[in-house]
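What follows is a set of notes on a single structure, which appears directly below.
What follows draws every value from the coordinates through simple rules; no lab data is involved. Note that this is a predicted model, so its numbers are computed, not measured. Note: ideal-geometry Cβ built from the backbone for every residue, glycine included; neighbour counts use all protein chains shown.
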Amino acid sequence: MEYIGEHLMPGKMGHLLIIISFVTSLFAAGAYLLSFRSGENLAKQLSWKKLARIFFFIDVVAFLAIFIILYSLIANHRYEYFYVYKNSGNDLEPKYIFSSLWSASEGSFILWAVWHAILGMILIFTSKKWEAPVMMVLSLMQACLSTMLLGVYVAGVKIGSNPFVLFREQMPDLPIFTYADYVSKIADGNGLNQLLQNYWMVIHPPVLFLGFASVIVPFAFAIAGLMTKKLGEWTKPALPWTLFSAAILGVGVMMGAAWAYESLSFGGYWAWDPVENASLVPWMVLVAGIHTVVIYKNTGRSLNSSFLLILLSFILIIYSTFLTRSGILGETSVHSFADLGMNAQLYLFLYVFFWLPLFVLVNGIKKKLIVFGISIAFLILANFVHPLFTVIAPLLAIVGFMWQFQMVVPSHKKEEEGSSREFWMFIGSIVLFFSSLFIIGQTSLPVYNKIFGTKYAPAEDVEFSYNRIQIFIAIIIGSLTAVGQYFKYQKTVKKYFLKKIWVPALISLVFSTLIIVWGDINYNKYGIGFLASIWIAVACSIFAVVANFSYIWIGIKGSLKLSGPSVAHFGFGLMLFGILISSSKKEILSYNTSGISINFGPDSKENTGENLTLVKGVRMDMGKYWVTYHSDSIHPKKSQWYYHIKFESKDGKENFTITPDAFVNYQGNEGLMANPDAKHYWNRDVFGYITAMADPERNSDTASFEKNIVKIGDSIFYSRGYIILEDIVTNDNLPAEIFGPNGKLFEAKLKIVATSGSHYTSVPRLAIAKEIALAVPDTIMSESLVFQLNKVEGTTAEIGVKESNSVLQYITLKVYKFPFINVLWLGTIFMAVGFCISMIRRVRLNK
Amino acid sequence: MKKSHVFFLVLIIAAIAVLISLLPYGESTAMSSYETVYTAKEKEGKFVHLVAKLDTRQPVEYDALKNPNYLSFTAVDSLGATVKIVYHNAKPDNLEQSERLVMKGRMKGEQFECKEILMKCPSKYTDDPNRMEQSIINNTN
């Protein structure tokens, strides 16, 4: 069929460019390898290098073009493309076009590859003699990324997922494609996932992927070190890059935490979700690697650990890619990518980089062939014998690498002094590394299930299952961070150490005591043991902050140039402190005290009631605040509602409004998708989001008044309690010009006793003015009751009672208090700044 | 023996100790397991992950005005067994749309007391053809 109105050109271009990028990056890798192998033959070396550069430039241009084409397809709403239809809609603000570009797996691979292209360009101009081997690794990686986008079938196996595939090719059976002019019939796209319509989703992914992409640079230098047999020299150019990676990746991860905090309604910034862990772990290993590299540069020790940690940090990046994109996380994660049916391909990707270091390390073609043969043999075993080999093979590759490495570079015979800086730095790196192994080990649970066919699920209390281990890591790392720099390399004289450390130690001791005694940290959910651990960890984090701040003056005499480590460690200390305080003192403010809820009999002891329902315009009691659902407004283009909620503290000192919003019935998704909002104070956040709201369909009021004839003292029952007529007041001294000669005003004083235990009073009135009866009803919003006084005869009254839903516009809210959350964000910034200062210093030293 | 080696050893021992304590007979930090309605009932009182979906033939009981912290519905698993679920929290956004629910909690008598619900929605993350078909029908003029 000839279809009308399709724009096929950009898609064909895009797909062609993907293939070009694959081929050229593969050729670039090959040409760089040949350049490297030309050895002393400079002319040959240079000509291969030139060729490789041309190939790489083409790859760079191709990826930039792919990015631009995909952007313009989304911006122009070309819904004939499946990726565009699936991930965007007409209502997107311009900034969210970027979010939809990288919202799905394919787009984020493109983003990643674009960063590699840019980093590659920088390396071509700066890495000098390292260019050939380093760029070879980077080009190889680039080729691997391209395969993820190829979208071709080889012998019935799908390789990669092409973002430029047409809707009608993806789902040919949909009836709409029987029309030749189907394009004009598609009015709107499927829309971008509401959770991603958040400004953090515009900046978090590029930063995170720059972090991901940059981790390959130290890896490539390490491989280059193995190739050139200059086993230690690579650390020099690699160190500034490693610092850069650590800064960017760290910030990227924390931006993700900020997004989770501001946009996901799980009530926090970190939930030990596998997706979070998968990006945290490479960062931890990388930071451990920085420390061992610094040890090596200063003392010549720990070269083997430097190799191991730097190589592993990049391999863990690919492993995390595998975890988040293979769909293997399934039930355990709330936000992984969809399974694109490329698990085997993702695994192969990972497999290549596991074996690459060993393959490069061993000497001679014969040994290389053996390594290659073993790796292939294990693939076959994994595929045909038992999936257990999928895990054994990578571990074997790492162990094999360490074993071979040990034969080339024997480790130091002489042991480090217990008083040396390198000893404690090494201990710190090892602790960090072990901590990361715990995290990735726990996160990989779905992988074990897959291999062994078991059905283990994460623990009941996932967060605590991590925290109870990581709290001890925090104590060790916190105190090492504090004292580390006060040691000297080789050997520290005890007197020197004590002389320098006593002031910061004393200050920290005072601060910690004050905070622990009066700080009201009494998180006793897990018993006194855990609480004591928190106290110790808080003290250690304070020590880290104070000691590193002091070291700028005590140790390096205020030199900005040298302050990188102190600033970074100071920031890290702040982060630890922020994490410990904000988590252990996090409070739920919205405990249900309003009287709106009723007790549910046998279940009542279970009912912690963390949600509070607010009726529009009615002031509610919420702990130390009065809260009012004041008003609401809607986004001009999409069904995104903003709820203005007024908070007044009962002591009258605070008065503010937060505006959480929610997508209501967005893009055919019934129900709501809530975004929190927070009031930021310097020392705490009050953080709330909508958990439920009135169903608009129930808003038609079908209830009617039920007549009750009662005497004073009688009761009327309603569904959630009873009503007592307490008194009837008759007033006949009324202005005659309004009420006429026999005007009367009756007031029925009602007392409402709800089964929840709450009491209310209501005063419906009945006016007799100029012989006409006029009822003035009264309502009790929170019980959805309307009272109307119909008739009064002496002590008997006829009272109409209506139980209604239509009078009520309500929302249900959950509110948290996060104290000192800003310290965490501030610490992140300091840490990144510290990394950058160090990076600048290392770049200058290398010149 | 080097000091760092001693330290290593201590760490490894600690690691093993922790791993052992993780095995599934601890309490709240022990590993749990995925269950069907039948096997969950067999393990009454034990914390499990119940995998099922909303039984749309039965009513969902939730009224934020009466109690925003009480949700009750019936779940049906892939074998067709049903169980009443009680969840003391606000109703999750996309309960009705979820193709699968992972409910973390315990069987208590005849009902499943749920502490957390994970929803597997046919969301934009996945390429569910039925959903795409529905979506295209909605977006066609």
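Two-decimal Rg/Rh of region A:699-803 from alpha-carbon positions, Kirkwood Rh? All intermediate terms of the calculation are to be shown ahead of the outcome.
Working: Rg = 14.3 Å, Rh = 14.2 Å.
On the Cα set of region A:699-803, Rg over Rh gives 1.01.
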When only alpha-carbon atoms count, how far does chain A stretch along each of its three principal axes, as whole angstroms with the largest first? 120, 86, 50
Semi-axes (Å, rounded, descending) of the ellipsoid equivalent to region A:71-182 per its C-alpha gyration tensor are 34, 19, 8
Report ³J(HN,Hα) in whole Hz for each residue of region A:19-33, in order, from the Karplus equation J = 6.51 cos²θ - 1.76 cosθ + 1.60 where θ = phi - 60°; Gly and Pro get x. 5, 4, 5, 4, 5, 5, 5, 5, 5, 4, 4, x, 5, 5, 5
Can you tally the net charge around A:Leu480? Count Lys and Arg as +1, Asp and Glu as -1, for every other residue whose Cβ sits under 13 Å from the Cβ of A:Leu480. 0
What the 10 Å binned alpha carbon P(r) of region A:1-197 shows, as percent of pairs per bin from 0, is 9, 32, 28, 18, 9, 3, 0
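Under a point-charge model restricted to the Cβ atoms of Lys and Arg (+1) and Asp and Glu (-1), what is the dipole moment magnitude of region A:406-519 relative to its Cα centre, in debye to the nearest 20? The partial results should precede the final answer.
Values: 12 positive and 7 negative charges, 116 e Å.
In total the dipole reaches around 560 debye.
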Here the averaged projected area of region A:206-422, based on the convex hull of its alpha-carbon atoms and given in nm², is 14.1 nm²
Once phi is turned into θ = phi - 60°, what whole-Hz ³J(HN,Hα) does the Karplus curve with 6.51, -1.76 and 1.60 give for every residue of region A:827-838, x standing for Gly and Pro? x, 4, 5, 4, 4, 5, 4, x, 4, 5, 4, 4
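Grab the other residues whose beta carbon is less than 15 angstrom from that of B:Arg57, score K and R as +1, D and E as -1, and report the net.
Values: positive: B:Lys53, B:Lys84; negative: B:Asp55, B:Glu61, B:Asp77, B:Glu96.
Here the charged neighbours net out to -2.
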Give the Cα extents of region A:440-502 along the principal axes, in whole Å, largest first. 59, 24, 11
Lysine-lysine proximity count for region A:1-197, Cα under 22 Å, sequence distance 8 or more or distinct chains: 11
Amide H to amide H, which residues 5 or more places from A:Gly151 or on other chains are under 5 Å from it, using H placed in the peptide plane? A:Ile159, A:Gly160, A:Ser161, A:Asn162
Region A:765-847 - Kirkwood radius from inverse mean 1/r over Cα pairs (Å): 19.5 Å
Using only the Cα atoms of region A:440-549, what are the Rg and Dmax in Å? 19.0, 59
What residues have an amide H closer than 5 Å to that of A:Leu192, excluding those fewer than 5 places away on the same chain, when H is modeled at 1.01 Å from N in the peptide plane? A:Gly89
Computed FRET value (nearest 0.05) for A:His759 with A:Arg619, which takes r as the C-beta separation and R₀ as 25 Å: 0.90
For region A:405-422, Karplus-derived ³J(HN,Hα) couplings (6.51, -1.76, 1.60; θ = phi - 60°; whole Hz; x for glycine and proline) come out as 5, 4, 6, 7, 10, x, 6, 4, 7, 6, 7, 5, 5, x, 9, 8, 5, 4
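Please give the calculated 222 nm ellipticity per residue for chain A, where each DSSP H segment of at least 4 residues contributes -39500 (n - 2.57) and the sum is spread over every residue; nearest 500 deg cm²/dmol? Mind showing how you got there, number by number?
Numbers: 24 runs with 448 residues, N = 847.
The helix-only estimate for chain A comes to -18000 deg cm²/dmol at 222 nm.
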If you bin the C-alpha pair distances of region B:32-121 every 10 Å from 0, what whole percents do you get? 19, 57, 23, 1
Anchor A:Lys653: lysines whose Cα lies under 25 Å away (excluding residues fewer than 8 positions away in-chain): A:Lys585, A:Lys586, A:Lys616, A:Lys624, A:Lys679, A:Lys814, A:Lys817
